[in-house]
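Have a look at the structure below before the remarks.
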Amino acid sequence: MGKCIAWASVFSGRPDPEWSLDDETLGFVERTWETLKPSLEQQPTIPILGYRGCYIRCPEGNKWFIYKTFVKLNIKGNVVIKHDANMELERKLINSAPKIFQLPSFVWNNIDSDGIKE
Amino acid sequence: MALRITIDIFSGRENPVIELSENESVEALKQLKPSGRLDQKKEIFPTEPTLGYRGLLIEQYDTIDKDLPQHFRYVHGELYGKDLAHKASGDAFEEFVCGSEGLIRKIKLDKEFSEMVLKEIEEFKKLRYLLDPKIVDLLRRRLSIYWPCRWWWPCYWWCCRKCRCAPIYEPASWNDGDIKEWNNNCYNYASNYRTDTFAQPGRASGNIWNDLSACNVPSANISAKMGAISDDLIDNPNANNKCPSQGHLVALVIAPGWDYHWYRKGRNGYWSHKPGHTQVTNQDNSGNAISDPRTANRGLYTEFCTFMTVMHGHIKIK
């Protein structure tokens, strides 16, 4: 079984930064997911240009989409939405990007704007 | 001597065809005899394709009347064909063919068909008035400066003729939620060139960008603009949001240090774009239609770089 892949949807012309998730981060994501409360909220409005959220895609078919407090897990077509009030998942995921990807400052700013950057 | 008349009116189904007897053909040819030549500006039948009635196509077979070509078109008392741009002797030939007592009765169509054709003939007359080059020139000069193109503007399509080479905004053809959407980016969409490779300026020509710090970079480096130029897009910095006479207009913007982005101008005069892997849209970051990318909300793409022209079939991207 291969590694889960994470990427930030942020660029338009050049390819988005994409990286393999380490076990520690994946474990954090899975544990945190279990603690979050299910939500009926609609997907928030996402900017057309600029940071548009993070994704995780795992070999067994699980796919997460995370944008601020909105977290969606799609397991082979079954979609569950949860609310991450502290945006821990998004912060953890962006922090897990290798430095080589040099995630742009506006990705950080997106989280900064809510005052929760680590 | 015999004539075959096709009522050029449909788009999808076959046009109705009327076969004339010899006597009917003789009578018809009297009305179709060319008289004076048409005004020079009217010598060309309107080239803009229109929906609905477009004239009567007349074909001579067996014996050919030497005053007329084998195939020609009759519209509103005028004849068009090879070496033919003349007034017809009879100006009521359409009534003769399509009127309630006309030859149209020979074909088995609904009773209402004759009425519909007659109405369409009148509609086409109005449309041709708008298509008259003199009127087009006059109105374009008077109005196009002040009026933006709007779908409700009756003269919409000739106002926008300057963008007639631009691609139509058809997001569904890119937004397939699959390979096409995922593997094509703003550069693919703007150049209207699907590669499924997330194309990069200059990659096809071996001159891929390596510096996104600005629109213009030190000469040792390669900017996105330089990459695009080496892919044979034409830099058109003075386009001032006006469509070129050939090809279509695109615009390059830069998120300094991070990324570049492309927009393309559509046939309706508005701009659209495809942000990365996401869907094609015609809105800016404020949710507004984009009439000019220089003034649109572009988020982090703060530097407007240039307009460029894409000549269809003349570029190569990868």
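Residue-wise HN-Hα couplings along the stretch A:68-76, as the Karplus relation 6.51 cos²θ - 1.76 cosθ + 1.60 with θ = phi - 60° gives them from phi, are 6, 8, 8, 10, 10, 10, 10, 10, 6 Hz; Gly and Pro carry x. Extending 7 Å from Cα along the Cβ direction at B:Asn23 and again at A:Thr35 yields two label points whose distance is 10.0 nm. The label-point distance for B:Tyr61 and A:Asn95, in a model that sets each label 7 Å from Cα toward Cβ, rounds to 8.3 nm. Rounded to the nearest 0.05, the FRET efficiency derived from the C-beta distance between A:Asn74 and B:Ser219 at R0 = 51 Å is 0.60.
Annotation for the stretch A:1-105: chymotrypsin sites (Phe, Trp or Tyr not before Pro) lying in DSSP loop with at most 14 further Cβ atoms inside 10 Å of their Cβ do not exist. Fully extending the segment from B:Asn210 to B:Glu95 would add 34.5 nm, taking 0.36 nm per residue of separation and subtracting the current Cα-Cα distance.
Report the calculated FRET efficiency for B:Asn288 and B:Ser245 (r = Cβ-Cβ distance, R0 = 25 Å), to the nearest 0.05. Write down the numbers at each step before the final one.
On the way: r = 28 Å, r/R0 = 1.14.
FRET efficiency, B:Asn288 to B:Ser245: 0.30.
Report the net charge of residues surrounding B:Met226, where surrounding means a beta-carbon distance below 14 angstrom and charges are Lys +1, Arg +1, Asp -1, Glu -1. Overall, the nearby charge balance is -2. Distance between the pseudo-spin-label points of B:Met1 and B:Glu115 (7 Å out from Cα toward the beta carbon): 3.6 nm. What the phi angles of the stretch B:259-265 give under the Karplus curve with 6.51, -1.76 and 1.60, with θ = phi - 60°, is a coupling list of 7, 10, 8, 10, 10, 10, 8 Hz, glycine and proline written as x.
Note the direction-averaged projected area, equal to a quarter of the hull surface, for the Cα convex hull of the stretch B:2-130, in nm².
Numbers: hull surface 30.7 nm².
The directionally averaged projection comes out at 7.7 nm².
Per-residue shielding of B:268-279, expressed as the average number of other chain Cβ atoms within 10 Å of the residue Cβ, stands at 3. At R0 = 41 Å, how high is the FRET efficiency between A:Ala85 and B:Lys180 if r is their beta carbon distance? Nearest 0.05 is fine. For A:Ala85 and B:Lys180, the calculated efficiency is 0.65. Listed by Cβ neighbour count within 10 Å, with the fewest neighbours leading, B:Trp262, B:Trp209 appear as B:Trp209, B:Trp262.
For B:His71, B:His277, which order do you get if you count the other beta carbons within 10 Å of each Cβ and list the fewest first?
Working: B:His71 15, B:His277 19.
Lowest count first: B:His71, B:His277.
Shown for the stretch B:152-310: lysine pairs separated by 8 or more places, or found on different chains, whose C-alpha atoms are under 14 Å apart, numbering 5.
Centre-to-centre separation between the Cα atoms of the stretch B:179-224 and those of the stretch A:1-40: 27 Å.
Any read-out appearing in this document is the output of simple, stated calculations on the displayed coordinates, not a laboratory observation. For clarity, every value in this text was computed on a predicted model and none was experimentally measured. Note that we place each Cβ from the backbone using ideal geometry, even for glycine, and neighbour counts take in every protein chain shown.
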